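Structure record follows, encoded as structure tokens.
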Amino acid sequence: MTNSGTIEVKLGFNKVREWIASRARSSYAKNRAMEEQVSGNLATIERRLILTEEMKYICMFEPSFPKEGYEDNLDYLKPLLTPSTVITLENMVRLSRYLQTLKEIVTFFKKSKEEAYPNLKEMVAGVILYPAISQKIDGILDKNGEVRDNASPELARLRSEIRSKEGAISRKVQSILKKGIEDGFVAEDATVQMRDGRVLVPVVAGNKRKLGGFVYDESASGKTVFIEPAEVVELGNALRELQFAVQREIFRILDEFSSFLRPYLPELIDAAGVLGEIDFILAKGQLAMELACDRPIASVSGELKISKGRHPVLERALQKEGKKIVPLDLHLTKEKSILVISGPNAGGKSVCLKTTGILQYMYQWGMLVSASAISEFPVLDNIFIDIGDQQSIENDLSTYSSHLMSMKEMVEGVDPQWLVLIDEFGSGTEPAAGGAIAETILKHLDRTGCYGVITTHYTNLKMYAANATETHVANGAMLFDVANIQPLFTLEQGLPGNSFAFELARKIGLPTWLVEQAQEAAGTGFVDMERQLRKISREKRKLEEKLKRISTTDKVLESVTDKYQKELAEIKQSKKEIIETAKAQAQEIVSQANRQVEATIRSIREAQAEKERTKEARKSLTSFRNSLGEENHSEQDLKIERKMQQLQQRQQRKLERKQRDGNGGEGADANGGKPVVKVEAGPLTVGCKVRIKSNSLIGQIHQLGDKYIMVAVGNILSRMKESDVERISAKEFEQAHQQRSRSIAQISESISQRKLEFKPSIDIRGERLSDALDIVSRYIDDAIMLDIPQVKILHGKGTGVLKEEIRKYLRCQSGIADIQDEDIRYGGSGITVVTFG
């Protein structure tokens, strides 16, 4: 982008750079923060944003990640590539801290979950740790950064001799001091002094010749001289020689270590660059966390959509004053790419313009934006901004002339991939001429199809945006509280704004008569034109919203239709399976009956029965068997459609009776193995146990009437005729009651088991919309049935379509008390929390 420095100052991004630089620890990262430029490459932008987002999550959820230890290391590592260069003791300490920080970072990513922070892991994947270097340093330096005595045998010997010499000197000097005090030429409270490595005895100036030695210094008053006794001069010289030897040995150790380190330097230099990049990204991540920034969506359709956008600099300034910022919602498309914002002064027009510009700039710079994650930004080639007083005394240009110069540069270079930001378009000169020039320039921008946010008070520009049906220009208004005469700082697209000049004049206290005369001078035409303009725009916006709702409803209807078609297909398949099962069971019954009759016939033959009677019985059996095999679809299908559920229940009861009765049980006869229940004959009375013939349910007679009886089946009373029931024994009634109790217990146990296995969250990311709706509907049904208080639906952020459709479905469901986003620390708008009530 051209003139990026000027753009950054006008938008306020220079403050964002400074905030990032202040959070960086190393000079490398600080320089990166101040020198990083915006990018026009989508892959580069996304790479920067993803790395920053991963680091933001680390700052939020990973306290073990190292936040300190990021130092500059290239300044001493690169010179060591030269063989004659020796590392200093101070730089060895820095190297030790560098290796420790590097180890902590690599260890952190190795221990983190496999799917966590993949891009940062990739960045540090090539870093090689060399434990031998750290071990070598630990063998040379102690925890205070000093060279150990045992760093080498020679150093250990020299330091041992130094301690011995220092002891000898101390004893000798104390003896001299004691004798001097006794002889009276040394004050009684005098102590041995150390200056520049020399041991000195303070002597009264008048007695300095009484102590043999070298006068090294005297006090400021001249009353005391400091003498190095002759007896310790030789010892002192020997001590200094040992100290020089120690320095030579330390230099030799450092030189040896430098030679040891030199083969590893290329990898260490590369790793130092990675560490500097981590420091830079860490600074961005910390600021993103503080500003509650998110990674927006890369627009593929060319839309520029800001949802809940906040200007970071303004937001911080308001926070210091204890105020809250009003978020911005703005939407530019390829069809309506230029927004003309009008409204009262100090109503937030310029803030909208600057917020749009800085968020677009942050996105292409690679910084998470202070807006919702569903915001969308295109990749643009340039941002042009004309805002503020650009009067130039040096070039003898007035404010308006400076604006025209900027307009000239913009008109000559603008193209569809530009974002044009112009504040107070056309102001600064005679209104008629300024408005005409501004409208002409606006038409030119319209023809280019560029993106733009333009603020103005000119009616002709608002009229152009309102009347333009085939242009790229739309109106926007800053809302105003007419009742309280104060701005709301909220943008409403689709409507032109009003300056509310007369209302503001009354509020600040201008005389009423003066305001009324001004209104008369403006004329009713001005007021009517503003009113009609807003009416036209309002009707236009209502129509657009209605079309949008219709489109959304069509999408939901389509997804619901897909869902029901799928369920219908499953029902048809289930119906087919049930019919096939029923036919198979019927064939089995016929086969059993056939065997039964054949056995009967054999018995008749063996009894020498009449042949005609035998023939008639066989014919009747064959006819019955064929009637079961016929496919009378019309009657059978109708019956199945009408009693599908009854058929499934009947089938279940048959299986239960079969399991209960078994084969060859007590009371079974020789004709099929079914138990024979003996029931006492007699009229039905209150309390009799009966079976309902139509559905085989077991009940008890509750009341007798002339034509009807009341039968109690569980807790339900049913009225029916006596012919609809048959009497059963008390034993059979008890068996049926026990079986029902067991079934209820099994159902209760099944529900308890499902509740234990139920998961409080579901992940539908990657699912098609229709499939996702089907999964969610079944999941919500289970949650309501199992009396779960709250569930979470992970749908991700993406384009936001899946989230919106899921929430539309949830709002239509009964039993749901609340629907909201998850806490930003745990996923924010990518997770919907559903509370049941």
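Being of a type in the set (Gly, Ala, Ser) and on the phi < 0 side of the Ramachandran plot is the filter here; which residues of the range 170-211 pass it?
Within the range 170-211, Ser170, Ser175, Gly180, Ala187, Ala190, Ala205, Gly206 qualify.
Could you tell me which numbered condition Glu36 fails, if it satisfies all but one of (1) over 30 Å from Gly413 (Cβ atoms); (2) surrounded by fewer than 20 Cβ atoms within 10 Å (Cβ to Cβ)?
(1)
Could you tell me which of the residues Ile325, Ile306 is free of Cβ contacts under 8 Å to residues at least 40 places away in the same chain and hydrophobic (A, V, I, L, M, F, W, C)?
Residue meeting the stated conditions: Ile325.
Which residues, taken from the range 125-137, are open to solvent by 80 Å² or more (accessible area, probe 1.4 Å), in a helix (DSSP H, G or I) and either out of contact with any Lys or Arg (no Cβ under 9 Å at 6 or more places or on another chain) or within 21 Å of Ser26 (Cα to Cα) (or both)?
Correct list: Gln135 only.
Of these, Gln193, Gln243, which one is touching a helix residue (DSSP H, G or I) at 6+ places or on another chain (Cβ under 8 Å) and either of a type in the set (S, T, N, Q) or open to solvent by less than 70 Å² (accessible area, probe 1.4 Å) (or both)?
Gln243
Collect the residues in the range 800-834 that are open to solvent by 50 Å² or more (accessible area, probe 1.4 Å), in contact with a strand residue (DSSP E or B) (Cβ under 8 Å, 6 or more places away or on another chain) and closer than 27 Å to Met289 by Cα, keeping them in residue-number order.
Across the range 800-834, the qualifying residues are Gln820, Asp821.
Being touching a Leu at 6+ places or on another chain (Cβ under 9 Å), among the hydrophobic types (A, V, I, L, M, F, W, C) and within 21 Å of Leu282 (Cα to Cα) is the filter here; which residues of the range 51-94 pass it?
Residues satisfying the conditions are Leu51, Met55, Ile58, Cys59, Phe65.
Please go through the range 36-50 and pick out each residue that is of a type in the set (D, E, K, R) and either in contact with a Leu (Cβ under 6 Å, 6 or more places away or on another chain) or outside any helix (DSSP H, G or I) (or both).
Within the range 36-50, just Glu36 meets the criteria.
Is one or more of the residues making up the range 88-109 touching a residue at least 24 places away in the same chain (Cβ under 8 Å), open to solvent by less than 50 Å² (accessible area, probe 1.4 Å), under 30 Å from Arg248 (Cβ atoms) and small (Gly, Ala, Ser)?
The answer is yes; a qualifying residue exists.
Taking the condition of a type in the set (Lys, Arg), under 21 Å from Asn460 (Cβ atoms) and modelled with pLDDT of 85 or more, does Lys349 pass?
yes
Would you mind stating whether Gly184 is over 30 Å from Leu102 (Cβ atoms), modelled with pLDDT under 80 and open to solvent by less than 70 Å² (accessible area, probe 1.4 Å)?
yes
What's the total number of residues in the range 1-19 that are under 18 Å from Asn382 (Cβ atoms) and charged (D, E, K, R)?
Qualifying residue count for the region: 2.
If you take the residues in the range 39-56 that are surrounded by fewer than 15 Cβ atoms within 10 Å (Cβ to Cβ) and of a type in the set (S, T, N, Q), which one is farthest from Asn119 (Cα to Cα)?
Looking at the filtered set, the residue picked out is Asn41.
Of all residues in the range 72-87, count the ones that are open to solvent by less than 50 Å² (accessible area, probe 1.4 Å) and either β-branched (Val, Ile, Thr) or over 22 Å from Ser27 (Cβ atoms) (or both).
Number satisfying all stated conditions: 3.
Just checking, how many residues over the range 780-799 are open to solvent by less than 20 Å² (accessible area, probe 1.4 Å) and either over 15 Å from Thr832 (Cβ atoms) or at pLDDT below 80 (or both)?
Of the residues in that region, 1 qualify.
Restricting attention to the range 182-212, report how many residues are within 25 Å of Leu242 (Cα to Cα) and of a type in the set (Val, Ile, Thr).
Going through the range 182-212 one residue at a time, the tally reaches 3.
Among Val199, Val232, Val204, which is the only one that is under 30 Å from Ala151 (Cβ atoms), touching a Ser or Thr at 6+ places or on another chain (Cβ under 8 Å), at pLDDT below 80 and surrounded by 15 or more Cβ atoms within 10 Å (Cβ to Cβ)?
Testing whether each residue is under 30 Å from Ala151 (Cβ atoms), touching a Ser or Thr at 6+ places or on another chain (Cβ under 8 Å), at pLDDT below 80 and surrounded by 15 or more Cβ atoms within 10 Å (Cβ to Cβ) leaves just Val199.
With in a helix (DSSP H, G or I) and out of contact with any His (no Cβ under 9 Å at 6 or more places or on another chain) as the only criterion, which of Lys10, Lys67 stands out?
Exactly one of Lys10, Lys67 is in a helix (DSSP H, G or I) and out of contact with any His (no Cβ under 9 Å at 6 or more places or on another chain), namely Lys10.
Name, by its number, the condition in (1) under 23 Å from the mean Cα position of the chain (by Cα); (2) crowded, with 16+ Cβ neighbours inside 10 Å; (3) hydrophobic (A, V, I, L, M, F, W, C) that does not hold for Met60.
Answer for Met60: the failing condition is (2).
Return the residues of the range 293-313 that are surrounded by fewer than 16 Cβ atoms within 10 Å (Cβ to Cβ) and either modelled with pLDDT under 90 or not in a strand (DSSP E or B) (or both); say none if nothing qualifies.
Listed by number, the residues that qualify are Val300, Ser301.
Scan the range 805-815 and give yes if some residue there is among the basic types (Lys, Arg), closer than 29 Å to Glu62 by Cα and without any contact (Cβ under 8 Å) to a residue 24 or more places away in the chain, otherwise no.
Looking through the range 805-815, none of the residues is among the basic types (Lys, Arg), closer than 29 Å to Glu62 by Cα and without any contact (Cβ under 8 Å) to a residue 24 or more places away in the chain.
If the Cβ limit is 9 Å and pairs must be 6+ apart or interchain, which residue in the range 1-26 that is without any contact (Cβ under 8 Å) to a residue 40 or more places away in the chain and open to solvent by less than 80 Å² (accessible area, probe 1.4 Å) pairs with which residue that is part of a helix (DSSP H, G or I) and of a type in the set (S, T, N, Q)?
Sorted first by the residue in the range 1-26, then by its partner, the pairs are Gly5/Asn14.
Under 20 Å from Gly273 (Cβ atoms), open to solvent by 20 Å² or more (accessible area, probe 1.4 Å) and without any contact (Cβ under 8 Å) to a residue 12 or more places away in the chain - does that describe any residue in the range 110-124?
Taking every residue of the range 110-124 in turn, at least one turns out to be under 20 Å from Gly273 (Cβ atoms), open to solvent by 20 Å² or more (accessible area, probe 1.4 Å) and without any contact (Cβ under 8 Å) to a residue 12 or more places away in the chain.
Using the structure shown, decide if Glu558 is charged (D, E, K, R) and either modelled with pLDDT of 75 or more or loosely packed, with under 10 Cβ neighbours inside 10 Å (or both).
yes
Determine if the range 525-543 includes at least one residue that is in a loop (DSSP other than H, G, I, E, B), out of contact with any strand residue (DSSP E or B) (no Cβ under 7 Å at 6 or more places or on another chain), surrounded by fewer than 18 Cβ atoms within 10 Å (Cβ to Cβ) and at pLDDT below 75.
no
Which of the residues that make up the range 679-701 are of a type outside the set (A, V, I, L, M, F, W, C) and at pLDDT 80 or above?
Listed by number, the residues that qualify are Thr685, Gly687, Lys689, Arg691, Lys693, Gly699, Gln700.
The values are calculated or read from the model by the stated rules, or taken from the named source; none is laboratory data. Every value quoted in this text rests on a predicted model; they were computed, and no experiment measured them. Glycine gets a Cβ as well: all are built from the backbone with ideal geometry, and neighbour counts include every protein chain shown. Only protein heavy atoms, including side chains, enter the accessible area calculation; ligands, DNA and RNA are left aside. Shrake-Rupley method; radii C 1.70, N 1.55, O 1.52, S 1.80 Å.
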